[in-house]
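S.K.: For reference, the structure I am asking about is given below.
The values are calculated or read from the model by the stated rules, or taken from the named source; none is laboratory data. In this text the structure is predicted, and so the values were computed from the model without any measurement. Please note: Cβ atoms are built from the backbone with ideal geometry, for glycine as well, and neighbour counts cover all protein chains shown.
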Amino acid sequence: MANKVIYAVYEDPELLKDGARKLVSSGIKVKDVFSPFPVHGIDPIIGITRTRLGIVSFMFGITGTCLAILGIWYFNIFDWPMNIGGKPSQALYKNLPAFIPVTFEFTVLCAAHGMAITYLIRNKTLPGMPARNPDPRSTDDKFIIEVRTNENHGHSSEQITELLRGTSVLEINERQY
Amino acid sequence: MHSEAAIRTPLILGHKTYHDITNDIVAPIENKAPRGWYVLMGIAGLIAAYGTGCILYLISKGIGVWGLNKTVDWAWDITNFVWWVGIGHAGTLISAVLLLFRQKWRMAINRSAEAMTIFAVIMAATFPGIHMGRIWMAYWVFPLPNQFGSLWVNFNSPLLWDVFAISTYFSVSLVFWYIGLIPDFATIRDKVTRPAMKKVYGILSFGWTGNAKAWTRFEEVSLVLAGIATPLVFSVHSVVSMDFATSIIPGWHTTIFPPYFVSGAVFSGFAMVLTLLLVMRKVMHLENYITVKHVEYMNIVIIVTGSIVGVAYITELFISWYSGVEYESYAFINRATGPYWWAYWSMMTCNVISPQLFWIKKLRTNLAFTFFMSIIVNIGMWFERFVIIVTSLHRDYLPSSWTMFHPTWVDVGVFIGTLGIFFTLYLLFARYFPVLALNEVKSILKVSGESYKQEAQKHHH
């Protein structure tokens, strides 16, 4: 039997959530959900774990802080200390108050860009990548559940479709792949 | 589902569906631009071209063509720089600070306010660039080994802090803006029919799918970027103010400067957002999304920040007397009664007195009056920077060098030119970019939409 992918199209995020709940409680694995805006509360239903991008951002930020302090120490204290306006660059700890603004800005720079780049790579969204949403309406006003038969061996595609018809679904599309 | 109190004014008027929101925003991009757009674009483009010409003339001749002299060695260049950076602050405040406070009314205006931020910061960055004189040496502001000709840059200097603050602010704002744009570009990509447009928006949308995990990440990234953009925006204008505050010029050497500059920045930025949005909502028929309530909220921000600015002016005046420093007190007496009295009192009228009119509800919900006031506030804030910079410099410790500043046609041309470039960029944005954050506005439709609220009300009784 060929593998099938089933798309259940809903008109409202709440109806989609009810549909997803019903599928999951019948032991069917929901592959993914596509929507024009974030559907709040869908993640625990279909078993999506919290993203770790916040941690990534923190790590990049800390790296930025260290790089900034190391760089400033090397440029202004170690390599070529200057005395400008009677304010000599003597030691890192003595000049640190004046070094805080750049350290802060560089921390933010690294945290923001590090996280943004990680985000784009993890989402597989980069310039020129092809669109991979199953239906063009999913970026407009439709909310779509994707179920794959090869992930649900206990259920036939007919059973899944039957179950979906019991929810407030707008239309059900099947595709071979 | 989260529901909202019936007493709250709806943020989306009329009976809209998700599809209507997409149509209302994407249709102007797909259709031919209205004639008004070409007219405005023509005017802005001409001014931009003239300004670019002035900038090129300035670069080829050197900054001697400005009206600067030995005493007033900083004038319109830095006034314009601070003014433009200040205008930029409102966009970040709306998209970051109001996101942290979960203010839903930000959703209809954040996209265009952020665009304004980016264009304003580009204009601001032009001024330090061109006032270096030798712009081809501009890369010397970055830490470069001594062999490049310059010494290592001085990290003790507020001018260098500015380099890092402005470049970080610009690039982070740009990324924040673009990450929000990606899902909306995907909406346009899936909606338009012309192949060339589909291709272009396909590239811009980075292949966005809108699956559940992508949205989880999207929300996390938005929240974290808002969290770090908030201290960033406060740091940027604080650092700009330290360009002055860390010097020992009477009138500049005050510790009140960072909060005073930041609130002034938000004040002028909101005025510019209003100037732009009041025109845009009319021309692009966005009255159902950018409602009178949105305008009223922004006017309330203007009262608050305008009052902070007023308190700062008066504190500054009081301290100049109370400190007992005669040079300091002279600087302020000279501001109010010296040859630049007209600049000082324009600033006081526009920034301190006029925003107080917004306490009257009739006035702050009147669109024509708001538009007029938004221009007044921006004029006032330009004068604030002019007053701080020029009146503090023109009478220094040596009365024999006292002088006045007279702008030349290049000073004026460059300033007007940046306005032209700014409006050109903004018009291009309004034509080709989704001017509302579609994905955010859709997410509040069933909570804050007028027809849905009425529906909920009926069920309730």
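S.K.: Look through the range A:84-99, keep the residues that are touching a helix residue (DSSP H, G or I) at 6+ places or on another chain (Cβ under 9 Å) and among the hydrophobic types (A, V, I, L, M, F, W, C), and return whichever of them is farthest from the other protein chains (Cβ to nearest Cβ).
M.R.: Among those that are touching a helix residue (DSSP H, G or I) at 6+ places or on another chain (Cβ under 9 Å) and among the hydrophobic types (A, V, I, L, M, F, W, C), it is A:Ala91.
S.K.: Output the number of the condition that A:Leu109 fails; it satisfies all remaining conditions of (1) away from chain B (no Cβ under 13 Å); (2) surrounded by 22 or more Cβ atoms within 10 Å (Cβ to Cβ).
M.R.: All conditions are met except number (1).
S.K.: Could you run through the range B:90-115 and say how many residues are within 16 Å of B:Leu278 (Cα to Cα) and without any contact (Cβ under 8 Å) to a residue 60 or more places away in the chain?
M.R.: Number satisfying all stated conditions: 1.
S.K.: Would you check if there is a residue in the range B:44-60 being of a type outside the set (S, T, N, Q), within 30 Å of B:Ala196 (Cα to Cα), touching a Lys or Arg at 6+ places or on another chain (Cβ under 8 Å) and surrounded by 12 or more Cβ atoms within 10 Å (Cβ to Cβ)? Spell out the reasoning first.
M.R.: Taking the range B:44-60 first, the residues of a type outside the set (S, T, N, Q) are B:44-51, B:53-59.
Restricting the remaining residues to those that are within 30 Å of B:Ala196 (Cα to Cα) gives B:44-46, B:48-49.
Filter once more, keeping what is touching a Lys or Arg at 6+ places or on another chain (Cβ under 8 Å): none.
No: zero hits.
S.K.: Pick from the range B:150-197 the residues that are charged (D, E, K, R) and either more than 9 Å from chain A (Cβ to nearest Cβ) or within 16 Å of B:Leu232 (Cα to Cα) (or both): which of them is nearest to the chain's Cα centre (by Cα)?
M.R.: Here is the first cut: in the range B:150-197, the ones charged (D, E, K, R) are B:162, B:184, B:189-191, B:194.
When the remaining residues are screened for being either more than 9 Å from chain A (Cβ to nearest Cβ) or within 16 Å of B:Leu232 (Cα to Cα) (or both), the result is B:162, B:194.
Details: B:Asp162: 17, B:Arg194: 34 Å.
The qualifying residue nearest to the chain's Cα centre (by Cα) is B:Asp162.
S.K.: Another question about this same structure. For B:Ile389, are the conditions met, namely being touching a helix residue (DSSP H, G or I) at 6+ places or on another chain (Cβ under 7 Å), farther than 28 Å from B:Ser401 by Cβ and in a helix (DSSP H, G or I)? I'd like the intermediate steps shown before the answer.
M.R.: Values: touching a helix residue (DSSP H, G or I) at 6+ places or on another chain (Cβ under 7 Å): yes; farther than 28 Å from B:Ser401 by Cβ: no; in a helix (DSSP H, G or I): yes.
No; evaluated as a whole, the condition is false for this residue.
S.K.: Could you please find all residues in the range B:19-31 being within 14 Å of B:Thr193 (Cα to Cα) and surrounded by fewer than 19 Cβ atoms within 10 Å (Cβ to Cβ)?
M.R.: Correct list: B:Asn23, B:Ala27, B:Ile29, B:Glu30, B:Asn31.
S.K.: Sticking with this structure for a sec: Test each condition in (1) in contact (Cβ under 8 Å) with a residue 60 or more places away in the chain; (2) surrounded by fewer than 22 Cβ atoms within 10 Å (Cβ to Cβ); (3) under 20 Å from the mean Cα position of the chain (by Cα) for B:Val447 and report the one that comes out false.
M.R.: (3)
S.K.: How do the helices (runs of 4 or more DSSP H) wholly within the range B:1-94 filter down when requiring 2 or more residues that are out of contact with any helix residue (DSSP H, G or I) (no Cβ under 8 Å at 6 or more places or on another chain), modelled with pLDDT under 90 and within 14 Å of chain A (Cβ to nearest Cβ): which remain?
M.R.: Numbers: elements: B:18-30, B:35-61, B:76-92.
Per the criteria, B:18-30.
S.K.: Give all pairs with beta carbons closer than 8 Å in which a residue from the range B:204-227 that is more than 7 Å from every other protein chain (Cβ to nearest Cβ) meets a residue that is of a type in the set (Asp, Glu) and part of a helix (DSSP H, G or I); count only pairs at least 6 apart in sequence or on separate chains.
M.R.: none
S.K.: Let me ask something additional. Tally the residues that are surrounded by 16 or more Cβ atoms within 10 Å (Cβ to Cβ), facing chain B (nearest Cβ under 7 Å) and not in a loop (DSSP other than H, G, I, E, B), restricting the search to the range A:123-157.
M.R.: 2
S.K.: Pick from B:Ser247, B:Ser241, B:Ser263, B:Ser235: which is closer than 30 Å to B:Val325 by Cβ, of a type in the set (Ser, Thr, Tyr) and at the interface with chain A (Cβ under 7 Å from one of its Cβ atoms)? Explain how you work it out, then say what you get.
M.R.: Numbers: B:Ser247 fails: at the interface with chain A (Cβ under 7 Å from one of its Cβ atoms); B:Ser241 fails: at the interface with chain A (Cβ under 7 Å from one of its Cβ atoms); B:Ser263 fails: at the interface with chain A (Cβ under 7 Å from one of its Cβ atoms).
Step by step, each of B:Ser247, B:Ser241, B:Ser263, B:Ser235 is checked, and only B:Ser235 is closer than 30 Å to B:Val325 by Cβ, of a type in the set (Ser, Thr, Tyr) and at the interface with chain A (Cβ under 7 Å from one of its Cβ atoms).
S.K.: When you check B:Val441 against the structure, is it in contact with a helix residue (DSSP H, G or I) (Cβ under 9 Å, 6 or more places away or on another chain), among the aliphatic types (A, V, I, L, M) and either more than 28 Å from B:Val273 (Cα to Cα) or outside any helix (DSSP H, G or I) (or both), yes or no?
M.R.: Numbers: in contact with a helix residue (DSSP H, G or I) (Cβ under 9 Å, 6 or more places away or on another chain): yes; among the aliphatic types (A, V, I, L, M): yes; either more than 28 Å from B:Val273 (Cα to Cα) or outside any helix (DSSP H, G or I) (or both): no.
So B:Val441 does not fit the description; no.
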